[in-house]
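Step one of this worksheet: look at the structure below.
The values are calculated or read from the model by the stated rules, or taken from the named source; none is laboratory data. Small disclaimer: the values here were computed from a predicted structure and weren't measured. Please note: Cβ atoms are built from the backbone with ideal geometry, for glycine as well, and neighbour counts cover all protein chains shown.
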Amino acid sequence: MTEHLSTFSKSAFSDDSQRIKWFKSARSLLRQGKISNLLADMNTIHQQASSGQKNALISEINYLNNRNNEGRLNYPQIASQQLPLGSGAKQFWILDFGF
């Protein structure tokens, strides 16, 4: 999921320090399960973006919205069960343990 936050931040911010600051904040909101706050922030950035940025931004917003609607962004619950959070860790479990 963080790759989508990274793509969003690269499309939204030309300044590296702004991009990094936003990404860290967004990742924290995601891990805390504050998806509605994250999506609200992303939508605000989208509304203020130039027309050239809007397509890339809305694509990432839609991706997160879809995953949220599917119930796939419940990071606090996953972490409480001590399950792997990243896709690489999940692939390891699937390949190594046949899940």
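Brief remarks on what is shown
Here is a yes/no grid of residues against (1) touching a residue at least 40 places away in the same chain (Cβ under 8 Å); (2) surrounded by fewer than 18 Cβ atoms within 10 Å (Cβ to Cβ); (3) of a type outside the set (A, V, I, L, M); (4) closer than 27 Å to GLY71 by Cβ:
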residue: ILE20; (1), (2), (3), (4): no, yes, no, no
residue: ASN37; (1), (2), (3), (4): no, yes, yes, yes
residue: THR44; (1), (2), (3), (4): no, yes, yes, yes
residue: ILE58; (1), (2), (3), (4): no, yes, no, yes
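- Among the residues making up segment 35-54, a single one is in contact with a helix residue (DSSP H, G or I) (Cβ under 7 Å, 6 or more places away or on another chain), modelled with pLDDT of 95 or more and among the β-branched types (Val, Ile, Thr): ILE45.
- Residues of segment 14-56 that are within 12 Å of the chain's Cα centre (by Cα) and aliphatic (A, V, I, L, M): ALA26, LEU29, LEU30, ILE35, LEU38, LEU39, MET42.
- Only one of the numbered conditions (1) modelled with pLDDT of 95 or more; (2) surrounded by 12 or more Cβ atoms within 10 Å (Cβ to Cβ); (3) over 12 Å from the mean Cα position of the chain (by Cα) is not met by ALA79, and that is (1).
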